[in-house]
Every structure is written in C-alpha cells, then in structure tokens.
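Scroll down for the structure; my scribbles are underneath it.
The values are calculated or read from the model by the stated rules, or taken from the named source; none is laboratory data. Everything quoted here is computed from the prediction, not taken from an experiment. Virtual Cβ from ideal backbone geometry, glycine too; neighbours counted across all protein chains shown.
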Amino acid sequence: MSKDRETIAAISTPLGEGAIGIVRVSGSLAFAIANKVFRDPSGQRQRELKPWGVRYGSIVDCETGEHVDEALAVAMPAPHSFTREDVVEFSCHGGVAVLTRVLETVIKCGARLAEPGEFTKRAFLAGRIDLSQAEAVIDVIRAKTDSARRLALANLRGELSTRVGRIRDNVLVLLAHIEASIDFPDEDIGVLEVKDMTERAQESVSELNELVRTGMSSRVYRDGVSVVLAGRPNVGKSSLFNALVGKMRAIVTDIPGTTRDVIDDWTTIKGVPIRLVDTAGMRKTRDLIEKLGVEAANQQAEEADLVVAVIDGSRPICDEDRDMLLQVMDKSGVVAVNKCDLESEVEEGSLIPHAGDKRILRMSAKTGEGINELEQALADLAVAEITGACENPVMANLRQLEALENAMRSMEESAHALSNSVSPDLAAIDMYEALFWLDQITGRSASEDLMEKIFSEFCIGK
Ligand SMILES: Nc1nc2c(ncn2[C@@H]2O[C@H](COP(=O)(O)OP(=O)(O)OP(=O)(O)O)[C@@H](O)[C@H]2O)c(=O)[nH]1
Ligand SMILES: [Mg+2]
C-alpha cells in the first residue's frame with residue numbers, strides 16, 4: 001500500500017501534563033482500529049462508533065486486554081474531516097505515559113506513526129486546502145500576537161491564494177491572447193493590441209509588487225517587534241533586560257564582557273508583545289569567544305526593529321559609546337542613559353548630536369527609576385512599527401515572498417519584451433515562468449522535495 005494511503009496516528013496535543021490529551025487516527029482503517037481498542041463502560045466492544053457522536057468508554061490493549069485509560073471517542077467519517085479520510089480522535093488523560101501507551105495500542109492494531117505535518121499534508125493532497133493554506137496552519141499555531149493570528153487565519157481561509165489566483169487569471173488571459181496572436185497572426189479574432197498587452201502585463205507587475213511589499217511588512221505581525229539592547233560592556237544592558245522581562249534571565253556582574261551570547265525572551269510591555277534581545281557589550285577584543293559575541297551583537301543591532309542604545313551615565317562618554325551610537329543612528333529606538341542613581345558624568349547636550357531621532361531617557365536598572373518611561377517609549381515605538389506596516393496586509397513567509405518576487409521579475413521581463421516589440425513568444429516564455437512561480441505558492445507546481453521540506457516544519461500530530 002502506498003505511504004499516503006496507510007492509516008496514520010499521532011498524539012496531537014503537546015506532550016506534558018494536562019487535563020486532556022488527544023490521539024488522532026486517520027485513514028481507511030481508523031474505524032476498524034477504534035472498534036478493536038475502544039470498549040463501552042461495561043467493557044463490551046462497541047458495535048460501531050456513531051459518526052459525529054461523542055462516546056464515553058475505555059481504551060484496551062487489543063493483545064493483552066489490559067485497560068489502558070478512560071477516553072471519549074469521536075468518529076468523523078470521510079470526506080467531512082480535516083484529512084477528508086475517516087478520522088477517530090480519542091480524548092484521554094493528558095499524561096506522557098498514558099498517551100504514549102494509547103498510541104502504541106492504536107499502532108499495534110494497524111496504524112503507523114504519522115510524520116510531522118502528515119495530517120495537514122493529507123488535507124492538501126485531498127485538495128481540501130492548497131499549499132499556502134497548509135502553511136497558514138503552522139502560522140496560526142505559532143501566532144504570538146492577536147494580529148498575527150488574524151492574518152494567519154485569513155490565509156488559512158485562502159486570502160493569499162485568492163490574491164495570487166487573481167494575478168494568475170490575468171496572466172492566463174494574456175497568455176491566451178499571445179498564443180492566439182502567434183497561431184493566427186493574420187486573422188481578426190479580437191486579439192489584444194500589443195500596447196494593451198503591455199499595459200496588462202505591467203498591471204500584474206504592480207499587483208505583485210504590492211503583494212511583495214505588504215508580505216514583507218507582515219513580518220512584524222508574525223514575528224512581533226524585536227528590540228535589541230546595544231552598548232559597550234558594563235553599561236547595564238543585562239540589568240535592563242532583566243528589569244524589562246521581569247526576571248533574572250541574564251547574568252549580571254561588574255566584570256566587563258559578562259554577556260557573550262545573544263539572549264532573547266518574549267515579554268509584553270504595556271500590552272505590546274515584544275521580543276527583547278540582550279547582547280554582548282560592543283568593543284574591540286582579542287578574546288575569540290567575546291569577539292564572536294560582539295559580531296552577533298552587531299548583527300542583532302542591524303536586524304532588530306527597534307534599538308535601546310545603552311550608555312553608562314556615571315562615566316564620561318567614550319569612543320566605544322560614540323561608535324555604537326553611530327552604528328544604530330538610522331534605527332528607530334531610544335538612547336538609555338543608565339545608572340542615574342549614581343552621580344552623572346553625561347551631559348545631555350553632548351549626547352544629542354549622536355542620538356539621531358532617538359529620545360534620550362535617564363534611568364536606573366538598579367532602583368527602577370525611569371523604567372516605566374522606557375517601557376512607555378518602547379511600547380509607543382512598537383505600536384507605530386506595527387500600525388505603520390501596511391494598510392491592507394497579507395501574511396507571506398520567506399518561501400512565498402521569494403516565489404512572488406520571481407513571478408514579478410518574470411512579468412517585468414515579459415512586459416519589457418512586449419513594449420520593445422520583441423517577438424511575443426519570448427514574452428510568453430516569461431509569462432509561463434511567472435505562472436510556475438505563482439503555482440509554487442498554491443502548490444500546483446510544487447515538487448515532492450519542496451512539500452517534504454514544508455511539512456517537516458510541522459509538529460507531529462498536525
Ligand atoms: N549603580 C548602578 N549599577 C548598575 C545599574 N545597572 C547595572 N549596574 C551594574 O553595572 C554592572 C554591569 O551590569 P550588566 O547588566 O552586567 O552590564 P552589561 O551591559 O550587560 O555588561 P556586559 O554583559 O559585560 O556587556 C553590574 O555590576 C551591575 O550591577 C544601575 O542602574 N545603577
Ligand atoms: Mg550583559
């Protein structure tokens with residue numbers, strides 16, 4: 001039997017302690033397996049699980065007859081299930097040993113262990129969802145912010161596919177006209193003028209461009225806003241990091257160069273979800289490990305959405321401070337003058353030329369003074385980052401963005417070929433190329449390798 005027709009099973013809830021854990025079985029043997037392992041409360045074999053009904057009973061080991069757990073069973077007959085196959089879900093007690101044993105029992109009766117994402121892959125193969133919708137399943141699960149959840153859900157319902165589909169239809173119409181003009185060059189069959197074809201191709205380029213632009217800014221919704229703490233060693237970055245995440249997450253000592261690695265944590269500042277990143281102090285060093293840490297710090301400072309440029313207010317400004325401020329000059333963020341509980345050695349006036357557009361805030365990680373103002377400033381900047389992202393956002397992951405960009409380039413080439421009156425069949429080649437890339441998004445032209453890669457990103461049981 002082909003792999004895709006075998007009956008699969010997995011624990012579909014996170015492994016750990018919980019009130020309930022679910023074992024899911026999908027495939028043609030699902031009901032027969034349920035019949036073997038599920039007993040009603042009196043210990044009798046159930047004659048047949050009622051479709052869509054919830055039955056209370058117990059799971060028994062089909063070989064030894066041992067009682068494994070109490071469970072509720074739900075039967076979902078094909079094609080009205082997630083995978084469009086027969087599906088049975090057993091809701092058991094949510095413990096590691098219990099769920100593992102229930103899964104083993106189901107496997108003994110003829111199912112095999114599902115691969116990561118295999119249930120979703122089957123929904124895709126059965127035509128229930130396309131590839132971009134399958135990818136949206138992971139995004140819904142991983143959504144950390146409410147806006148990310150909303151956008152991922154829109155894609156699960158086909159938002160990206162619909163927008164891509166509209167562009168695809170336009171390209172197809174254009175191709176039909178081009179092919180007709182090639183096949184019947186002398187006949188008047190209502191083929192579009194080359195000028196109109198060029199215009200239409202350019203319209204597709206603009207639409208693709210818009211999709212790439214909004215897709216790129218949607219990263220903020222999916223990944224949240226990242227804020228990096230940057231500054232020379234010992235200025236109090238890790239102390240501020242701990243104050244902002246509300247726990248002793250990073251090691252703090254008075255030895256410069258304490259933090260060597262990138263440390264990040266999710267936190268909610270004034271209701272805004274933020275990924276906060278602590279980094280190694282930026283300085284020139286011969287120590288190999290510290291050097292790697294500084295390189296990582298530079299990279300984080302470059303990639304983050306916002307930066308907190310930390311200065312030690314109890315020491316005069318030095319070249320390392322100035323270098324760091326210059327490095328983050330174009331980034332949005334604040335300058336945090338820390339250690340304001342100590343005597344100040346930093347004049348605000350001397351900082352202004354190095355701060356760019358950033359507000360200068362005084363604070364103390366030690367006493368907590370000024371931390372509230374720092375939080376408010378970060379929350380305001382983060383909200384501006386999110387709301388300024390785009391008006392009509394659609395979520396796109398890196399793979400989808402790359403395909404959209406390739407499709408856009410191909411359409412540009414074809415518009416160029418048409419406008420320069422190069423032979424229309426060359427323009428057609430570029431359009432077929434654009435179609436190929438658009439179909440990569442929905443999965444019409446996705447290869448087996450690509451699908452393997454996408455579905456392997458999933459957790460087992462989804
Ligand atoms: N007085 C005072 N001391 C502080 C304050 N913030 C941090 N410190 C002290 O400054 C020293 C360095 O703090 P860290 O938070 O480790 O500094 P860092 O910038 O992370 O240092 P590296 O990891 O080496 O780059 C520690 O001894 C802290 O206790 C503050 O607001 N006031
Ligand atoms: Mg540190």
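Working only within segment 409-454, note down all residues that are buried (at least 21 other Cβ atoms within 10 Å of the Cβ), modelled with pLDDT of 85 or more and hydrophobic (A, V, I, L, M, F, W, C).
M411, A415, A417, L418, A427, M431, A434, W437, L438, I441
Looking at I255, is it within 27 Å of R315 (Cα to Cα), within 10 Å of ligand 1 (Cβ to nearest atom) and exposed (fewer than 13 other Cβ atoms within 10 Å of the Cβ)?
For I255, the condition - within 27 Å of R315 (Cα to Cα), within 10 Å of ligand 1 (Cβ to nearest atom) and exposed (fewer than 13 other Cβ atoms within 10 Å of the Cβ) - is met.
Under the condition of being farther than 16 Å from V310 by Cβ and within 13 Å of ligand 1 (Cβ to nearest atom), which residue from segment 258-280 is surrounded by the fewest Cβ atoms within 10 Å (Cβ to Cβ)?
Per the stated criteria, the residue is D261.
Among the residues of segment 238-248, is any surrounded by fewer than 17 Cβ atoms within 10 Å (Cβ to Cβ) and within 14 Å of ligand 2 (Cβ to nearest atom)?
For segment 238-248, residues surrounded by fewer than 17 Cβ atoms within 10 Å (Cβ to Cβ) and within 14 Å of ligand 2 (Cβ to nearest atom): present.
Can you work out which of the residues in segment 317-331 that are surrounded by fewer than 18 Cβ atoms within 10 Å (Cβ to Cβ) and under 16 Å from I360 (Cβ atoms) is farthest from the chain's Cα centre (by Cα)?
Applying the filter and picking the extreme gives R322.
Just give me the residues in segment 272-317 being closer than 18 Å to A382 by Cβ, touching a helix residue (DSSP H, G or I) at 6+ places or on another chain (Cβ under 7 Å) and part of a loop (DSSP other than H, G, I, E, B), in sequence order.
D305
So which residues in segment 72-112 are assigned to a helix (DSSP H, G or I) and in contact with a strand residue (DSSP E or B) (Cβ under 7 Å, 6 or more places away or on another chain)?
V98, L99, R101, V102, L103, T105, V106, I107
Among the residues of segment 223-235, is any more than 30 Å from V137 (Cα to Cα), part of a strand (DSSP E or B) and aliphatic (A, V, I, L, M)? I'd like the intermediate steps shown before the answer.
To start, the set of residues in segment 223-235 that are more than 30 Å from V137 (Cα to Cα) comprises 229-235.
Subsequent filtering for residues that are part of a strand (DSSP E or B) retains 229-230.
In the following step, the residues that additionally are aliphatic (A, V, I, L, M) were identified as 229-230.
Scanning segment 223-235 turns up at least one residue that is more than 30 Å from V137 (Cα to Cα), part of a strand (DSSP E or B) and aliphatic (A, V, I, L, M).
Looking only at segment 362-381, which residues are farther than 18 Å from L276 by Cα and charged (D, E, K, R)?
If the condition is that a residue be farther than 18 Å from L276 by Cα and charged (D, E, K, R), then R362, K366, E369 are the ones that fit.
Out of the residues in segment 6-40 meeting the condition of being of a type in the set (S, T, N, Q) and not in a loop (DSSP other than H, G, I, E, B), tell me which one is modelled with the lowest pLDDT. Walk me through how you get there before you give the answer.
Narrowing segment 6-40 to residues of a type in the set (S, T, N, Q): 7, 12-13, 26, 28, 35.
Checking the rest, the ones that are also not in a loop (DSSP other than H, G, I, E, B) come to 26, 35.
Values: S26: 98, N35: 92.
Once the filter is applied, the top-ranked residue is N35.
Could we say that R260 is touching a Gly at 6+ places or on another chain (Cβ under 6 Å), basic (K, R) and either within 21 Å of N372 (Cβ to Cβ) or modelled with pLDDT under 95 (or both) here?
yes
For segment 342-359, check the following and say yes or no: at least one residue is buried (at least 20 other Cβ atoms within 10 Å of the Cβ), within 16 Å of ligand 2 (Cβ to nearest atom) and under 30 Å from S147 (Cα atoms).
no
Within segment 261-290, can you find the residues that are within 24 Å of the chain's Cα centre (by Cα), within 15 Å of ligand 2 (Cβ to nearest atom) and not charged (D, E, K, R)?
V262, I263, L276, V277, T279
List the pairs whose first member sits in segment 50-68 and is under 19 Å from A111 (Cβ atoms), whose second member is surrounded by fewer than 16 Cβ atoms within 10 Å (Cβ to Cβ) and among the acidic types (D, E), and whose Cβ atoms are under 6 Å apart, counting only residues at least 6 apart or on separate chains?
Going by the 6 Å Cβ cut-off, the qualifying pairs are G57/D40; S58/E70.
For D305, which of the numbered conditions (1) crowded, with 16+ Cβ neighbours inside 10 Å; (2) more than 12 Å from ligand 1 (Cβ to nearest atom); (3) free of Cβ contacts under 8 Å to residues at least 60 places away in the same chain; (4) not hydrophobic (A, V, I, L, M, F, W, C) fails to hold?
(3)
Mind checking which residues of segment 218-237 are crowded, with 16+ Cβ neighbours inside 10 Å and closer than 20 Å to V383 by Cβ?
S218, R219, V220, Y221, R222, G224, V225, S226, V227, V228, L229
Among all residue pairs at least 6 apart or on different chains, which show Cβ distances below 8 Å where the first residue, located in segment 243-254, is within 14 Å of T267 (Cβ to Cβ) and the second is more than 7 Å from ligand 1 (Cβ to nearest atom) and among the β-branched types (V, I, T)?
Qualifying pairs under 8 Å: A243/I371; L244/T267; L244/I269; L244/I371; V245/T267; G246/T267; R249/I263; A250/I263.
Six or more apart or on different chains, Cβ atoms under 6 Å: show the pairs whose first residue is in segment 215-237 and more than 30 Å from I317 (Cβ to Cβ) and whose second is among the polar types (S, T, N, Q).
Y221/S147; G224/T145
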